[in-house]
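What follows is a short report on a single structure.
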Amino acid sequence: MAESTDELIARADVAYDQGNPIMTDEEYDNLTAGQEQSLRGTDILADRKIEHRNPMLSLDKVRTNDSVQSWLKSVAKVAADPASVQVSVEYKYDGFALVATYYQGSLLHVATRGNGSVGENVTQNARRLFPANLPQFPAGFVEIRGEALMPKASLSILANYGYDYSNTRNGVPGLIRRNDNVSQIVWETIDFAVYDVIGVEYGLFSETIPGGFQNSKITYSRQAGGENHRPTLTLDLSDLGTSTATVMDDIRDIESARDGLEFDIDGAVVKVIDQDIRTDMGATSHHPRWAVAFKYAEVVKPTTLRHVGWSRGRTGRVVPVAYFDSVDLGSNVSQATMHNLDIFNGFAPHEGDTVLMKRSGEVIPYIMAVEHNGDGPAMVPPTVCPDCETDLVVQGADLFCSNPDCGLEARTVNALTVMDVKGIAYGLINKLMAPGEYLDGSSDMVDVLDRLLTLESEELEVIRHFEGEGPTSEANAIAALGQLRNPSMAGWLASLGIKGIAHSTAQKMLSHFSTLGDIDAGAIRSGAVPSLGDFAATQVEAHMELIERLDSMLDKHGIDKWVYDPLAGADEGSEFYGKNVVVTGVFDGPKRPQIEAWLTEQGANIQGSVSKTTNILFAGERAGSKLAKANAINEAGGSVEIRSELPF
């Protein structure tokens, strides 16, 4: 029996909520066109429902010039003066809609949009995005509505902490809906853009930003000059052709700047500014008539799935990787991660299936859907580790190797990489072990490093006699082992491959504690080290014995235990010496890494995000949410110096 439209919509909604969509947004919109609301968002557990005080309407979607002109014509019909109508054209964030409800000035709950009438209670995690109290609203209810957003750069940060998301759209709801204890540094990857404040008692309606509403986690829409700020357009709707062209120019300007934005967007929103026109135009049960969303075309291309391999990472997580016929998505792509066991099972792939690869402003192309049309066998997840053949265990959405000593090759490669040691491969390292002492599953990183530091030059002479090696391999190995005595203590600590303790985190720990032996999990948990918390403390507790063994091993070999000082050698007379500096936006000439390198030489401490501790923000074109956050801090009494020109 053929699947009905309602059944297909329901199946699409379930797949979407699970982060595994089976169709593009455009296909979904076409499928649900003309319906007042879809089923998306309705599968909410009964004990987690929140009924919205005011419906959270969607936006009507348009994709052509003619559709924009038709909408402007409807605006002209109700405007008191069609020759002077103001509209805004703003980014349509590809985020996660939330509403925070306050009662008598205190945060009551946070909910998702859901089906527009009923949302999911996500207060437990999402409350971190909002101030606990709004004392300026001591009576009645106030709703703060907007989009939870994740900067594109956050995906790599999250991956370091074991949160692997294919794109920012999946990352935000994924974190907000997690039941485990997510560390504070992970929450720093999410921002919130306000687009609507409703408070009947205070006369606050759509797009009114109340004075004094400032919070470090809040960014702002057009009204407050945030990333979404664009000049208001004044249109003469008696000339619909020219007005449409003016609006479309703004829409296309946003599209051309899309890849350079901090956040993902999937379109532009066009809104009437005048409240009287809004009131006269009204709304359907699905969307307001005074605004439309212009959706950009997605880059989605099909290709043929050939194989799914499984790769063990340095933390023991075993990840599915899809291999398919090369497809052009701006660059040629022939493989992509399926991220975890849950997503793999959701795809249920067969050899020869068609996979739909998508690139829609995201940094990394990803698999959007799998069409089950291949005639090959079904692909199944492994039961044993691809490296050591130990049984795999399921932990949440992931597969992990149950052997804590497995993955030595991946961890060795990682260790040499983080310590910037080049010229010696893992295969050669294994050959250099003494007879009967080759590295195996019982070895750990301290064993590997200890052995490498023990090797004498005469032992390295045997390299030229190994099959496939020669004098060049010997010379490279000698040079590499010389480099091994140079890393800072942060490099040594990061080399252990402890989950969540990459080089940047290790540097923060050593900058505070100075020595490996002084690292204190309790102090980290209490907030003694900026931006580190429970997760880092738990990892230190679990691996303290390994850290202590590393410390003793370094003493045995007489390694200089130096800690990197970012101010060493800097010009103390520089205006940037000892200052916390953030660089954002686009500048003529040098790129951001070059700017940050120059500032570091001047003694500046480069920060990744703006906070109350920031001294200077260099904001170029399209500065985005960091500029908005700096302005908000300053309006609340802070002192972030904002500069639009470089000092060199």
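The values are calculated or read from the model by the stated rules, or taken from the named source; none is laboratory data. Everything quoted here is computed from the prediction, not taken from an experiment. Methodologically, a virtual Cβ is constructed for each residue, glycine included, from the backbone with ideal geometry; neighbour enumeration extends over all protein chains shown. Surface areas here come from the heavy atoms of the whole protein model, side chains and all, with no ligands, DNA or RNA. Shrake-Rupley method; radii C 1.70, N 1.55, O 1.52, S 1.80 Å.
The table below lists the values:
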{"read-out": "Ser117/Ser574 FRET efficiency (R0 56 Å; Cβ-Cβ; nearest 0.05)", "value": "0.45"}
{"read-out": "Estimated distance in nm for a label pair at Leu108 and Thr600, the labels positioned 7 Å out from Cα along Cα-to-Cβ", "value": "4.9 nm"}
{"read-out": "Added length on full extension, which subtracts the Cα-Cα distance from 0.36 nm per residue, Thr232 to Val380", "value": "47.8 nm"}
{"read-out": "Extension reserve of the Leu57-Arg127 stretch, reckoned as 0.36 nm per residue once the Cα distance is removed", "value": "23.0 nm"}
{"read-out": "Set of region 490-506 residues, backbone N closer than 14 Å to the point 7 Å along the Cα-Cβ line of Asp420", "value": "490-492, 503-504"}
{"read-out": "Calculated on alpha-carbon atoms, Rg and Dmax of region 457-512 in Å", "value": "16.0, 47"}
{"read-out": "Reachable lysines, given that their alpha-carbon falls under 29 Å from the alpha-carbon of Lys301 and they are not under 8 places away in the same chain", "value": "Lys61, Lys92, Lys152, Lys358"}
{"read-out": "Rounded FRET efficiency, nearest 0.05, which uses the C-beta distance separating Ser84 from Val394 and R0 of 45 Å", "value": "0.10"}
{"read-out": "Trp598, Trp562, ranked by accessible area, largest first (probe 1.4 Å)", "value": "Trp562, Trp598"}
{"read-out": "Protection proxy ranking, peptides 535-544, 635-644, average beta carbon neighbours within 10 Å, highest first", "value": "535-544, 635-644"}
{"read-out": "Largest-first ellipsoid semi-axes for region 237-371, taking √(5λ) over the Cα gyration tensor eigenvalues, angstrom", "value": "41, 17, 14"}
{"read-out": "Cβ crowding within 10 Å averaged over residues, with 286-298, 129-141, 493-505 ranked highest first", "value": "493-505, 286-298, 129-141"}
{"read-out": "Spacing of the two label points (7 Å from each Cα toward its C-beta) at Thr337 and Asp325, in nm", "value": "2.7 nm"}
{"read-out": "Separation between Cα centres of region 115-177 and region 277-346, rounded to whole Å", "value": "20 Å"}
{"read-out": "Mean Cβ neighbour count within 10 Å, used as a protection proxy, ranking 343-352, 551-560, 511-520 highest first", "value": "343-352, 511-520, 551-560"}
{"read-out": "Calculated log₁₀ intensity ratio I(q)/I(0) where the Debye formula runs over C-alpha points of region 66-147, q = 0.20, 0.24 Å⁻¹", "value": "-0.88, -1.06"}
{"read-out": "Per-pair calculated FRET efficiency, R0 = 25 Å: Asp588 and Ser639 via Cβ, rounded to 0.05", "value": "0.35"}
